[in-house]
Amino acid sequence: MAVLAALAVAGGACSDGDDVAKDPERRRGTTFQLASALTPFSRCEDLQEYLRTEGAKLVGPYGLSGGGAGDMGDFGGPMPLATTDDGRAVAGSAAQAQESAPPAEAAGDMKAGVDYSGTNVQEEGVDEPDLVKTDGKRLVTMAGGRLRIVDLTGERPRVAATLAITQQHPQPELFLDGDRVLVLHAAEPENTPQKPTPVPDAGDDISSSMIAPVPEPGRAQVTVVDIAQLDNPKVVAEVKMDGSLVTARMVDGVARLVLRSGGPRLGFTYPQAGQESVNRAADANRAVVAKSTVQDWLPTYTYGEPGRAEAAASGQLVGCNEVARPKDFSGLGMVSVLTVDAKDPRPGPAATVLGAGEHVYASTDNLYVTTSRWTGPMPLQDSGGGGGSGGSAREDRVRPSIAPDPGTSDIHKFAITDKVRTSYLASGTVPGRLLNQFSMSELSGDLRVATTTDGITQGRDEAGASESRVVVLRQKGDTLDTIGSVAGLGKGERIHAVRFLGDRAYVVTFRQTDPLYVIDLDDPTKPAVRGELKIPGYSAYLHPVAEHRLIGVGQDATDEGRTLGTQISLFDVSDPASPKRLAHTVLPRANSEAEFDHRAFLYWAKTGLTLLPVQSYGDSDVIIQEGRPSDPGLGSKAPELRQQFVGAVGFTVNEREVKELGRIRHRGDTPIRRSLVVGDSVLTVSDGGLLASDLGSLADRSWLAF
């Protein structure tokens, strides 16, 4: 079981808990629990020896290979975001802003889902970070590295203020809680990273490296902005942490950040040309690992409030006595679940998993993080050859490698009901790999998980060997035990969409056709497939729109599995034994961000409006209803099909049909990223600005440039 449970402390990691006395507020009421399968480190010396030993198996001439560092060689989550802009003007303190801020409910009587739409989230009551947030009267978004605060109370939206936060790319994400905005982005390094030192190869004239050095791990940042005074927003706190942000969730104003820490802060060397240089670099890097300390490996944090030097704090997120060794090797990176309260953003205690965090799901009570087991580090091998220009016989060292095990996924459960503490609860294992966050769902304390087992054995992909399943896990002590499962779904195919709704699961697999499986989970110990619908193409996202109705957004495809364009389908699942597709619409040669990011999808139940961003550079200006293009070269027969479209397409969805309502385009054909409903307007947001459109017709009302 690959898990380590730990609670964050300030100060040096080698203090073994002495720092609790220095900063007791960071450990308010915390306790430390370990699963029975774990081996805890009670002393820093033991942890240091373990990190050195395992690191030596992974280090080579270019530093640590895949499994040794959380960010280097990882997959399944974003890298650190853009860096901060030190030129911004800020004033005030967290305490002052809090005193002057009105209560959160002072924003008005507008209600999410009634008067305005919020972020399209997986679970009610669990907010997810997004590019745009609104409370119906104010809208906040990032564009060009600046936070834009938009006043929605007038006849036309207006930019009340802007605040420089980060560089432009990649896109930061936001939470909005009352008058506090949490901007999740990347931090500029505290110090200039130590660049790897080139190792010259005796006798070589080439002075430049053949391969660029591996970059130092980045730092994630949360910038907390108070917008109580709409025209005068203030940065009130900044939290910086080693690593990259996998994702975050917020419940009742408390954000849980899932942070993947990078590799150790070590000054590795790198080779120039020639085998002798490669050998010498490998020797030098092994020496660096052998001399490393726990402070080099464990993630750190800093906290500050502009204008209040006395509020600054820094330290390491994990203490030595809070680290445990997993039974199955999962790399040497760390995944931490860190608490940040919007009203009191000092970082709270963190629970940490040893390994590379991949997918995150949260209910209002618990948060789950998946990690992959690894096949294990491969030792350095002897090729038997000589090397170097000096003619001395030396072993040809091969860079060690490590790879994820496609056969299993570990899942770790954390309690998030406490506003300060995140507590590790239990871990379990499921066969196969998860697609995304929708592959998990909690009901009555049980976790339902959908996975695909690949037909990959020792690097060979056995055609037709993949299959999918749904597994139900129940906590017993510190383990998540399997109490029921159903397998054999989509043999030879992979999962493309999952949605758990109540005591049912809807699973879409695809290779050439799209089987939609309806799975009965009423008895969690005996999951059963009740029905199956096969149609061309696939759905990549499933959304409930009414009782026993689902919208599917994905791709239409030929009978051979070649995709043809974005497809919107309406499914009737009232009879689980006989699911039906009632209607569908195809946007030929188009794609939509909603196919891979559910937050780009808008459904407004009051009017049946379904809106999604669309981009097409071939024939998207023609919609084929209740049918599919029979000829991929259809554009040659109909010139109008070759027109380009970049914008958003709105549909009206009722009990039995899907019809196009209208289209929205931004100036300069800037891609639309998000859409919201506020009152009787649809607001679409791009990097270029905000367009207000009529809710009933989607006709343009007003344009606000950023």
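The values are calculated or read from the model by the stated rules, or taken from the named source; none is laboratory data. Keep in mind the model is a prediction, meaning the values are calculated, not measured. Heads up, the Cβs are rebuilt from the backbone with ideal geometry, glycines too, and the neighbour counts pull from every protein chain shown. These accessible areas exclude ligands, DNA and RNA; they are computed on the full protein's heavy atoms, side chains included. Shrake-Rupley method; radii C 1.70, N 1.55, O 1.52, S 1.80 Å.
Return yes when A546 is within 30 Å of P671 (Cα to Cα) and buried (at least 19 other Cβ atoms within 10 Å of the Cβ) and no when it is not.
No: the conditions fail for A546.
Given the residues V529, V545, which is the only one that is within 22 Å of V658 (Cα to Cα) and outside any loop (DSSP other than H, G, I, E, B)?
Step by step, each of V529, V545 is checked, and only V545 is within 22 Å of V658 (Cα to Cα) and outside any loop (DSSP other than H, G, I, E, B).
So, in the stretch 147-187, exactly how many residues are more than 26 Å from R346 (Cβ to Cβ) and assigned to a strand (DSSP E or B)?
7
Looking at V507, V486, V518 in this structure, which one is at pLDDT 95 or above, within 23 Å of the chain's Cα centre (by Cα) and β-branched (V, I, T)?
V507
Tell me, which residue of the stretch 449-471 that is open to solvent by 10 Å² or more (accessible area, probe 1.4 Å) and either among the acidic types (D, E) or closer than 15 Å to V360 by Cα (or both) is modelled with the lowest pLDDT?
Among those that are open to solvent by 10 Å² or more (accessible area, probe 1.4 Å) and either among the acidic types (D, E) or closer than 15 Å to V360 by Cα (or both), it is D461.
What residue, of G274, G315, G307, is on the phi > 0 side of the Ramachandran plot, open to solvent by 40 Å² or more (accessible area, probe 1.4 Å) and in contact (Cβ under 8 Å) with a residue 60 or more places away in the chain?
Answer to the selection: G307.
So how many residues does the stretch 693-706 have that are open to solvent by less than 10 Å² (accessible area, probe 1.4 Å) and not in a loop (DSSP other than H, G, I, E, B)?
1
Given the criterion under 26 Å from the mean Cα position of the chain (by Cα) and either within 28 Å of G63 (Cα to Cα) or small (G, A, S) (or both), identify the matching residue among G331, G307.
G331
Can you say whether R265 is out of contact with any Phe, Trp or Tyr (no Cβ under 6 Å at 6 or more places or on another chain), among the charged types (D, E, K, R) and open to solvent by 30 Å² or more (accessible area, probe 1.4 Å), as far as the supplied structure shows?
So R265 passes the test.
Of all residues in the stretch 347-365, which are modelled with pLDDT of 90 or more, within 30 Å of E305 (Cα to Cα) and surrounded by 19 or more Cβ atoms within 10 Å (Cβ to Cβ)?
V360, A362
Give the stretch 284-303 a look and list any residue that's β-branched (V, I, T), part of a helix (DSSP H, G or I) and under 30 Å from P345 (Cα atoms), or say none.
V294
With the checklist (1) under 22 Å from the mean Cα position of the chain (by Cα); (2) modelled with pLDDT of 90 or more; (3) open to solvent by less than 30 Å² (accessible area, probe 1.4 Å) in hand, flag the one item P431 doesn't pass.
Checking P431 against (1) under 22 Å from the mean Cα position of the chain (by Cα); (2) modelled with pLDDT of 90 or more; (3) open to solvent by less than 30 Å² (accessible area, probe 1.4 Å), the one that fails is (3).
Exactly one condition in (1) open to solvent by less than 30 Å² (accessible area, probe 1.4 Å); (2) part of a strand (DSSP E or B); (3) under 22 Å from V430 (Cβ atoms) is false for G492; which is it?
Result: G492 passes all but (2).
Looking at (1) at pLDDT below 95; (2) open to solvent by 20 Å² or more (accessible area, probe 1.4 Å); (3) closer than 25 Å to R146 by Cα, can you tell me which one S244 breaks?
(2)
Test of understanding: among I519, I551, I535, which residue is assigned to a strand (DSSP E or B), touching a Pro at 6+ places or on another chain (Cβ under 9 Å) and over 26 Å from K659 (Cα atoms)?
I519
All but one of (1) closer than 19 Å to A56 by Cα; (2) hydroxyl-bearing (S, T, Y); (3) crowded, with 21+ Cβ neighbours inside 10 Å hold for S292; state the number of the condition that does not hold.
(3)
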